[in-house]
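First up is the structure itself, then whatever we jot down about it.
The values are calculated or read from the model by the stated rules, or taken from the named source; none is laboratory data. Since this is a predicted model, take the numbers as computed values, not measurements. Because the Cβ atoms are built from the backbone with ideal geometry, glycine has one as well, and the counts that use them run over all protein chains shown. These area figures cover heavy atoms from the full protein model, side chains too; ligands, DNA and RNA do not enter into them. Shrake-Rupley method; radii C 1.70, N 1.55, O 1.52, S 1.80 Å.
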Amino acid sequence: MSIVAKKHLPYGLLAISGLIAASDQVVKWLVQQSMAYGESIPVTPFFNWVHAWNTGAAFSLFADGGGWQRYFLITVAVVVSIVLIGLILQCRRRGEAIAYSLILGGAMGNLIDRIFRGYVVDSFDVYWQSWHWPAFNLADIAIVLGTVLFLYVSFIPEKSGTNVELDGSG
């Protein structure tokens, strides 16, 4: 990888974060335009396309909080996003930076919902027989994939000499 490519990689990763957030918003817009709230469309024997709202955090944690959770979760998401941007810009390991980028894109997608809608739109319902996993969205998928990638690169050290300096210094 050339020095120029290394120097610009963090900005490419930030662009990917923006693309993830934008894609998430497009899917949520399509759901809200094409389905009534609470509607569920069976797609496969284990997957439904749904229109659900989550006013809480992951797995609807704090959903019955009475409204305070919206501002709390917005604040947390803004702080986490700022930290992730800093980590992407300073990160020395490519895999770790990609993980941060995925998490940032997902956090931004859900942050946009909380700011402008007051809730997060969920559209994916995975289930087995009568057991349903909590509904989720594209932003949630990016956050989970980023977290899994982060854990992978954290616990499985890269081979000597394969770390890429993202700032072009080496």
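Overview of results
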| quantity | calculated |
| --- | --- |
| Length-normalised contact order of the stretch 62-144 in % [C-alpha pairs under 8 Å, at least 6 apart] | 27 percent |
| Ordering of 88-101, 125-138, 16-29 by packing [mean C-beta count within 10 Å, highest first] | 88-101, 16-29, 125-138 |
| Cα gyration tensor of the stretch 9-49 - equivalent ellipsoid semi-axes, whole Å, descending | 30, 13, 5 |
| Among Thr55, Pro42, Gly146 - extreme Cα towards positive end, dipole of the stretch 35-154, charges at beta-carbon | Gly146 |
| Two-decimal ratio, the stretch 74-150, of alpha-carbon radius of gyration to 2.2 N^0.38 Å | 1.22 |
| Surface per residue (accessible, 1.4 Å probe) for the stretch 10-152, Å² | 54 Å² |
